[in-house]
Amino acid sequence: MFSYAIRRLLGAVPTIFLIVTAAFFMMRVAPGGPFDQERTLEATVMENLNRTFGLDKPLWEQYAMYLGNLLRGDMGPSFIYRDMRVHEILAEGLPVSMQLGATALVLALVVGSALGTVAALRQNSRTDFAVIAVATFGITVPNFVVAPVLSLVFAVMLGWLPAQGWGDWNQMLLPVIALALPQVAIVARLIRGSMIEALRSDHVRTARAYGLPARMVVVKHALRAAILPAVSYMGPAAAALLTGSIVVEQVFNLPGIGRYFVNGALNRDYTLVMGTVVIVATFVVVFNLIVDLLYAVLDPRVRYD
Amino acid sequence: MFIQSTKRALMAATILAGLAGAASAAPYMRGNDGNPETLDQHKTSTVAEAHILRDLYEGLVVYDTKANVVPGAAESWEISEDGTVYTFVLRADAKWSNGDDLTAEDFVYSLRRIMTPATGAKYANILYPIKNGEAVNKDEMPPEDLGVRALDDKTLEITLEASTPFFLELLTHQTGLPVHPATVEAAGADFVQPGTMVSNGAYMLVSNTLNDKIELTRNPNFHDAANVAIDTVHYLPFEERATCVRAWEAGEVHSCSDLPAEDIARLKEAHGEGTRIVPYLGTYYYALNHEDEFLSDPDVRRALSMAIDREFLADEIWQGTMLPAVSFVPPGIGNYAGSPEVDYFSMSMLDREDMAAEILAGKGVTPQTPHTLEIMYNISENHKAVATAIADMWANLGVKVEFNVRDASAHYAHLRDRGDFDVARAGWIGDYSDPQNFLFMVESDNTGFNYARYENPDYDALMDQAARETDLDKRAGLLQQAEAMFMRDLPFLPLVYYTSKSLVSPNLSGWEDNIQNVHATRYMSLSE
């Protein structure tokens, strides 16, 4: 399995290279540049800026330079945040996004699985309907509604938790809930569906026939099989969660990297957008690999050697 | 020779400081528009940066609480009779945060640095009035040729290209702030980092975390440190205005620097005095392309302007967060006696509509035989609402409107590259409080800002004449004539004036409303 993982990771290198190349040129095709703003800059000033950032060079030369620097681990200077280089910006924000994302991920898996399992065990009962209702709510009500409402209720009206900021544990609670809620809902629905199926499957019936305790049958035999669809969903979802969410970051004023995906593109901060693309591409590749490896662990029928 | 007395300003400062009261321990949690792009005063361009840099550094002159120009690092100055040589005398007790003396040589170094092309200064052009400024910035002359020299340790002489009556206003901009030469030489671009930065203002930089907070603490070496009441300031960047409002209502921040328009009515009602809507130095306008055949007719432009109900735009669309514009230069600006009046603004809206329809009917344009115009704007809910409302108002005249919407970068790049358009939205916030800073936009050689491609030799001549006039009253008269010409020819249709919108906690005193929206923390104090 180890050599499989290595092969997969090596195979990802050309994929990431292609993504970087496509992103680089797509970014440049967009009209306007990082120094086009409400206030038009003086021609001389614009020339000076373009020279400082190498934008006066031919595009292929800029591309070659970017790739060369990237291989040395330098993502270049940000066009907008002029006191910082892109890797510094990402290094500052990524831990924040990952901490939030990972907590939300664990919460989503634990709560989502529990809700889904309970609903499946009591199919068509009141509990089941309640779970389905909560899940439908979680999926349909978007983040940009849930997050401000959480903040209004718990920070402004009740005064229990801070409305914004980063640093204290209590500042994490509301953003994590806002991030996890839709994921909890999706996981609950996935688990409920596959659990209902698993409970009817041959090996679960066999386990029951052996007289194993009900809890062991559910957790060890049924859930292990039922969790597979949720695991394949969680791969890309984890990549998205760990790289931050612009909505949650802006609503709770958190210094994560989610905002850079949108703002970087709108500001034409070429290097920052490239940096976020590299990070997300890497996360997606790594998490897809982790999902595949987890399959081998969870499903005895899957082998990679 | 004019000799500026500093006594009155000093007295005012002392009284204010007396009111400020005892030092407070809790940090001032200060909401800011967003994260600064840089803390390098020579690369800066945004308002969010201006707020922070104003606390960190002190220029030759500064704004007081009412945005009047008062002595800063310079205690006095003399201006030569022809208005081209400024001699500043620095305060004897002006020091850097590391204890070094602030010298005239530091300002020479700083002004040369911003003009050096390699610095890549976004706002270098604001200091082009300094002799050889533009040539240095264009790399045609070495920085040493800039018209700035130190006569001795505490005397600085700045020579200008030509008399510039608003030069002191220019020096209040953050680009005029000094850098500590030894630190810049040693640390390079990293001189802005906490622990490295040496500043000369009321505060020093403690920490700076992108999109989290910027922490400042009192500078004990500041010459007026005894009167600075607030010990620490935390600047919090709020890209999302509503987040700052919630944080303010939850008592987590003391002030917000901008507010969401849709929430203003509620905030006014709920917090009264805490909600500050104040006229600001800016105008929201539509540029009319004078190269377009239809729009090149002055009667057509006049009719289009007449038919726009600016009260409706300000009150209904902007919910009172903008004010109806009857001139291009916003009211309350410095060095001016007020904008000239335009006849049709005193007429009723119904009469204006009828008159406009009549003018266009004379040109063969009626609702039955419409003419199509395209309004180009950068994407935003409010810009869309304004464009839609104006399309409605113009529809009555037989002008059919189509929309062309782009994101901000593409929109402004299109205008800059002189792409084709009929009507384009833009806004202008003055850099300094002087009508010239608005009226210069449509001079025929101003290719960067004259989106309208307005060319009028008479207008250019008036602007030239005003630039040479050293008598401020006569100059104001000339600029008034120029604005009258502007309002007659309408290169731009002024629509509404901007306002600054802030939330100020009752615990925060010393925050005075002013047209520049400048609020240095050194003048404020906090009560628990």
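What is the residue count in segment B:393-420 for residues that are closer than 22 Å to B:V496 by Cβ and away from chain A (no Cβ under 14 Å)?
Filtering segment B:393-420 for residues closer than 22 Å to B:V496 by Cβ gives B:393-397, B:399, B:401, B:403-406, B:408, B:411-412, B:415.
Keeping just the survivors that are away from chain A (no Cβ under 14 Å) gives B:393-397, B:399, B:401, B:403.
Total meeting the criteria: 8.
Yes or no, residue by residue, for (1) more than 21 Å from A:V96 (Cα to Cα); (2) touching a residue at least 40 places away in the same chain (Cβ under 8 Å):
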residue	(1), (2)
A:D202	yes, no
A:A207	yes, no
A:L223	yes, yes
A:G258	no, yes
A:F261	no, no
A:R268	yes, yes
A:V273	no, yes
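Please determine whether any residue of segment A:291-301 is within 14 Å of chain B (Cβ to nearest Cβ) and of a type in the set (F, W, Y). Outline the logic, then answer.
Going residue by residue through segment A:291-301, those that are within 14 Å of chain B (Cβ to nearest Cβ) are none.
Taking every residue of segment A:291-301 in turn, none turns out to be within 14 Å of chain B (Cβ to nearest Cβ) and of a type in the set (F, W, Y).
Specify which of the listed residues (B:N208, B:N125) is without any contact (Cβ under 8 Å) to a residue 40 or more places away in the chain and of a type in the set (S, T, N, Q).
From the options B:N208, B:N125, the qualifying one is B:N125.
Filter segment B:188-207 down to residues that are modelled with pLDDT under 95 and on the phi < 0 side of the Ramachandran plot and give me whichever is least open to solvent (accessible area, probe 1.4 Å).
B:A189
Within segment B:262-279, restricting attention to residues that are within 24 Å of B:I52 (Cα to Cα) and open to solvent by less than 40 Å² (accessible area, probe 1.4 Å), which residue is farthest from the other protein chains (Cβ to nearest Cβ)?
B:V278
Taking the criterion of being surrounded by 18 or more Cβ atoms within 10 Å (Cβ to Cβ) and within 14 Å of chain A (Cβ to nearest Cβ), would at least one residue in segment B:166-173 satisfy it?
Yes, that holds for at least one residue.
Any residue in segment B:470-490 that is among the β-branched types (V, I, T) and touching a strand residue (DSSP E or B) at 6+ places or on another chain (Cβ under 8 Å)? If you could, list the steps in order and put the result at the bottom.
Keep residues of segment B:470-490 that are among the β-branched types (V, I, T), which gives B:470.
From what's left, touching a strand residue (DSSP E or B) at 6+ places or on another chain (Cβ under 8 Å): none.
No, segment B:470-490 contains no residue that is among the β-branched types (V, I, T) and touching a strand residue (DSSP E or B) at 6+ places or on another chain (Cβ under 8 Å).
Mind listing just one residue for me: the one in segment A:139-173 that is touching a residue at least 12 places away in the same chain (Cβ under 8 Å) and in contact with a Lys or Arg (Cβ under 9 Å, 6 or more places away or on another chain) and, of those, farthest from A:A104 (Cα to Cα)?
A:A155
Give just the number: which of (1) closer than 22 Å to B:H254 by Cα; (2) among the polar types (S, T, N, Q); (3) at pLDDT 95 or above does B:N211 not satisfy?
(3)
Restricting to segment A:143-159, count the residues that are within 10 Å of chain B (Cβ to nearest Cβ), of a type in the set (A, V, I, L, M, F, W, C) and over 22 Å from the mean Cα position of the chain (by Cα).
6
Is one or more of the residues making up segment B:215-227 closer than 20 Å to B:K122 by Cβ and either surrounded by fewer than 21 Cβ atoms within 10 Å (Cβ to Cβ) or within 14 Å of another protein chain (Cβ to nearest Cβ) (or both)?
no
Cβ-Cβ under 9 Å, sequence separation 6+ or interchain: first residue in segment A:90-106 and touching a residue at least 60 places away in the same chain (Cβ under 8 Å) and over 21 Å from A:T271 (Cα atoms), partner open to solvent by 40 Å² or more (accessible area, probe 1.4 Å) and assigned to a helix (DSSP H, G or I). Which pairs?
A:G101/A:A240; A:A104/A:I177; A:A104/A:L181
What are the residues in segment B:458-468 that are over 11 Å from B:N335 (Cβ atoms), out of contact with any Phe, Trp or Tyr (no Cβ under 8 Å at 6 or more places or on another chain) and not polar (S, T, N, Q), if any?
Matches in segment B:458-468: B:D458, B:D460, B:A461, B:L462, B:D464, B:A467, B:R468.
When the residues of segment B:241-261 are narrowed to those that are touching a Cys at 6+ places or on another chain (Cβ under 8 Å) and β-branched (V, I, T), which ends up farthest from B:S502 (Cα to Cα)?
B:V253
Can you tell me which residue among B:I333, B:I317 is of a type in the set (A, V, I, L, M) and touching a strand residue (DSSP E or B) at 6+ places or on another chain (Cβ under 8 Å)?
From the options B:I333, B:I317, the qualifying one is B:I333.
How many residues does segment B:280-305 hold that are outside any loop (DSSP other than H, G, I, E, B) and either within 12 Å of B:D422 (Cβ to Cβ) or open to solvent by less than 10 Å² (accessible area, probe 1.4 Å) (or both)?
Narrowing segment B:280-305 to residues outside any loop (DSSP other than H, G, I, E, B): B:280-288, B:298-305.
This time we only want the ones that are either within 12 Å of B:D422 (Cβ to Cβ) or open to solvent by less than 10 Å² (accessible area, probe 1.4 Å) (or both), so: B:281-288, B:300-301, B:303-305.
Final tally of qualifying residues: 13.
Residues that are crowded, with 19+ Cβ neighbours inside 10 Å and either away from chain A (no Cβ under 14 Å) or modelled with pLDDT of 95 or more (or both): does segment B:426-434 have at least one?
Scanning segment B:426-434 turns up at least one residue that is crowded, with 19+ Cβ neighbours inside 10 Å and either away from chain A (no Cβ under 14 Å) or modelled with pLDDT of 95 or more (or both).
Yes/no per residue for (1) within 11 Å of another protein chain (Cβ to nearest Cβ); (2) open to solvent by less than 10 Å² (accessible area, probe 1.4 Å):
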position: B:N98; (1), (2): no, no
position: B:L102; (1), (2): no, yes
position: B:K131; (1), (2): no, no
position: B:E134; (1), (2): yes, no
position: B:M141; (1), (2): no, no
position: B:A150; (1), (2): no, no
position: B:A186; (1), (2): no, no
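Kindly indicate the residue of segment B:47-66 that is buried (at least 21 other Cβ atoms within 10 Å of the Cβ) and assigned to a loop (DSSP other than H, G, I, E, B) and also farthest from the other protein chains (Cβ to nearest Cβ) among those meeting that condition.
B:L60
Please indicate, with yes or no, whether at least one residue in segment B:243-250 is open to solvent by 10 Å² or more (accessible area, probe 1.4 Å), within 10 Å of chain A (Cβ to nearest Cβ) and in contact with a His (Cβ under 9 Å, 6 or more places away or on another chain).
Looking only at segment B:243-250, we keep the residues that are open to solvent by 10 Å² or more (accessible area, probe 1.4 Å), and these are B:246, B:248-250.
The next check asks that each one be within 10 Å of chain A (Cβ to nearest Cβ); those that pass are B:246, B:248-250.
Now narrow it down to the ones that are in contact with a His (Cβ under 9 Å, 6 or more places away or on another chain): B:248-249.
Looking through segment B:243-250, at least one residue is open to solvent by 10 Å² or more (accessible area, probe 1.4 Å), within 10 Å of chain A (Cβ to nearest Cβ) and in contact with a His (Cβ under 9 Å, 6 or more places away or on another chain).
Within segment B:342-359, does at least one residue satisfy the condition of being touching a strand residue (DSSP E or B) at 6+ places or on another chain (Cβ under 8 Å) and more than 14 Å from chain A (Cβ to nearest Cβ)? First the steps, then the outcome.
Of the residues in segment B:342-359, the ones touching a strand residue (DSSP E or B) at 6+ places or on another chain (Cβ under 8 Å) are none.
Checking segment B:342-359: not a single residue is touching a strand residue (DSSP E or B) at 6+ places or on another chain (Cβ under 8 Å) and more than 14 Å from chain A (Cβ to nearest Cβ).
Listed here are the residues, each with its yes/no results for (1) basic (K, R); (2) over 18 Å from A:Q123 (Cβ atoms); (3) surrounded by fewer than 15 Cβ atoms within 10 Å (Cβ to Cβ); (4) over 19 Å from the mean Cα position of the chain (by Cα).
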site	(1), (2), (3), (4)
A:A163	no, yes, no, yes
A:L190	no, no, no, no
A:R200	yes, no, yes, yes
A:V204	no, no, no, yes
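Just name the residue that is most open to solvent (accessible area, probe 1.4 Å) out of those in segment B:406-425 that are more than 19 Å from B:Y497 (Cα to Cα) and in contact (Cβ under 8 Å) with a residue 40 or more places away in the chain.
B:D420
Looking only at segment B:228-240, filter to residues that are in contact (Cβ under 8 Å) with a residue 12 or more places away in the chain and within 14 Å of chain A (Cβ to nearest Cβ); which one of those is surrounded by the fewest Cβ atoms within 10 Å (Cβ to Cβ)?
Going through the qualifying residues, I end up with B:E239.
The values are calculated or read from the model by the stated rules, or taken from the named source; none is laboratory data. What you see is a predicted model; the values in this text were computed from it and never measured. Please note: Cβ atoms are built from the backbone with ideal geometry, for glycine as well, and neighbour counts cover all protein chains shown. Keep in mind that these areas ignore ligands, DNA and RNA; they rest on the heavy atoms of the full protein, side chains included. Shrake-Rupley method; radii C 1.70, N 1.55, O 1.52, S 1.80 Å.
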